[in-house]
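Read the structure below first, then the notes.
The values are calculated or read from the model by the stated rules, or taken from the named source; none is laboratory data. Being a predicted model, the structure only gives us computed values, none of them experimental. Reconstructed Cβ throughout: ideal geometry from the backbone, glycine too, with neighbour counts over all protein chains shown. Quick note on the areas: whole protein, heavy atoms, side chains included, nothing else; ligands and nucleic acids left out. Shrake-Rupley method; radii C 1.70, N 1.55, O 1.52, S 1.80 Å.
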Amino acid sequence: MKIICTRDEASFDSTMSEILISQITSKKDGVIGLSTGRTTGNLHKITARVFVEKGFEVGETTFFALDEVTGIDRENPWACYTKLKNEMLDALGVDDDHFLAFPTKSDDFEGECKKLTSEIEKRGGADLIILGLGENGHLGFNQPGSDFEGGACVSTMDDDLQRRIKEDCGLPESAVLGGVTLGIKDIMSAKKLILAVKGSSKAAILKKVMYGPVTNDVPASILQTHPDCTVVVDKAAAGE
């Protein structure tokens, strides 16, 4: 694993945006996986701003969402599909044919999982996936205990994220939310991975991910075995 340590959050966000733009412009028909959340939101917005102000070639790049929240409408601002469109993809002029995402509701999530992974493979496989890191070591919605050989699947959502979504959207406590995600095997098949980590709250788990044993108790620890994985951190996340 390679490590890039930035001096603060602002330089972290700009560094991540530079990495993403470099990947977009290096291959006109590339395939790039994106993650949503507090770690990656700013890098998407910066990338959109650079595109509007300076411009760069997007070509026929395909973008896909690593995971999705289930049990809400797709137009909900917490839906990964809507977040990515609002934060970056609409500004880049990415059409529906070049943005792959799980649905938020379906009678056949197993079929939707196969459909998305098949479409990624049909387009040549993921050239890059940008990953966030959960405080319990999860990747996407691959929670502790997930099978390292598992493919795309319906999973669970951690309690803190459920609480934030319900509060923000005014959903009742009884609302049933969940997640659907690419599996760890799908993630590890990408040619290049970037693990983006910022904030002191991630310092302890990052130490386990990078230097602890490879165990599905800490799903992100599997990244130690990927041939081209770079960890980008700010000073706070690198604290341990």
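Of the residues that make up the range 78-93, is at least one in contact with a helix residue (DSSP H, G or I) (Cβ under 9 Å, 6 or more places away or on another chain), over 28 Å from residue 226 (Cα atoms) and at pLDDT below 95? There is at least one residue in the range 78-93 that is in contact with a helix residue (DSSP H, G or I) (Cβ under 9 Å, 6 or more places away or on another chain), over 28 Å from residue 226 (Cα atoms) and at pLDDT below 95. Take the residues of the range 78-105 that are without any contact (Cβ under 8 Å) to a residue 24 or more places away in the chain and more than 22 Å from residue 28 (Cβ to Cβ): which is most open to solvent (accessible area, probe 1.4 Å)? Here the answer is 86. Residue pairs whose Cβ atoms lie under 8 Å apart, separated by 6 or more positions or on different chains, with the first residue in the range 172-187 and more than 16 Å from residue 106 (Cα to Cα) and the second surrounded by fewer than 19 Cβ atoms within 10 Å (Cβ to Cβ) and aromatic (Phe, Trp, Tyr), are 184/148; 185/148. The single condition among (1) within 25 Å of residue 121 (Cα to Cα); (2) buried (at least 22 other Cβ atoms within 10 Å of the Cβ); (3) touching a residue at least 60 places away in the same chain (Cβ under 8 Å); (4) not hydrophobic (A, V, I, L, M, F, W, C) that residue 202 does not satisfy is (1).
Does any residue of the range 95-103 turn out to be assigned to a loop (DSSP other than H, G, I, E, B) and either under 15 Å from residue 32 (Cβ atoms) or over 18 Å from the mean Cα position of the chain (by Cα) (or both)? Full working, then the answer.
To start, the set of residues in the range 95-103 that are assigned to a loop (DSSP other than H, G, I, E, B) comprises 95, 101-103.
Going one step further and asking which of them are either under 15 Å from residue 32 (Cβ atoms) or over 18 Å from the mean Cα position of the chain (by Cα) (or both), we end up with 95, 101.
Checked against the condition, which is being assigned to a loop (DSSP other than H, G, I, E, B) and either under 15 Å from residue 32 (Cβ atoms) or over 18 Å from the mean Cα position of the chain (by Cα) (or both), the range 95-103 yields at least one hit.
Summed over the range 132-163, residues that are within 15 Å of the chain's Cα centre (by Cα) and surrounded by fewer than 15 Cβ atoms within 10 Å (Cβ to Cβ) total 1.
Does residue 111 satisfy the criteria of being more than 18 Å from residue 33 (Cα to Cα), within 14 Å of the chain's Cα centre (by Cα) and open to solvent by less than 50 Å² (accessible area, probe 1.4 Å)? Before you say what the answer is, go through the steps one by one.
Details: more than 18 Å from residue 33 (Cα to Cα): yes; within 14 Å of the chain's Cα centre (by Cα): no; open to solvent by less than 50 Å² (accessible area, probe 1.4 Å): yes.
No, not satisfied.
Checking the condition within 30 Å of residue 167 (Cβ to Cβ), among the hydroxyl-bearing types (Ser, Thr, Tyr) and not in a loop (DSSP other than H, G, I, E, B), which residue from 39, 15, 82, 25 passes? Outline the logic, then answer.
Values: 39 fails: not in a loop (DSSP other than H, G, I, E, B); 15 fails: within 30 Å of residue 167 (Cβ to Cβ); 25 fails: within 30 Å of residue 167 (Cβ to Cβ).
Exactly one of 39, 15, 82, 25 is within 30 Å of residue 167 (Cβ to Cβ), among the hydroxyl-bearing types (Ser, Thr, Tyr) and not in a loop (DSSP other than H, G, I, E, B), namely 82.
Restricting attention to the range 205-240, the residues that are crowded, with 18+ Cβ neighbours inside 10 Å, outside any helix (DSSP H, G or I) and without any contact (Cβ under 8 Å) to a residue 60 or more places away in the chain total 0. When the range 164-177 is limited to residues that are part of a loop (DSSP other than H, G, I, E, B) and open to solvent by less than 60 Å² (accessible area, probe 1.4 Å), the one that is nearest to residue 70 (Cα to Cα) turns out to be 177.
Taken over the range 25-57, residues that are touching a Ser or Thr at 6+ places or on another chain (Cβ under 6 Å) and surrounded by fewer than 22 Cβ atoms within 10 Å (Cβ to Cβ) amount to 4. Only one entry in 75, 60 is open to solvent by 50 Å² or more (accessible area, probe 1.4 Å) and touching an Asp or Glu at 6+ places or on another chain (Cβ under 6 Å), namely 60.
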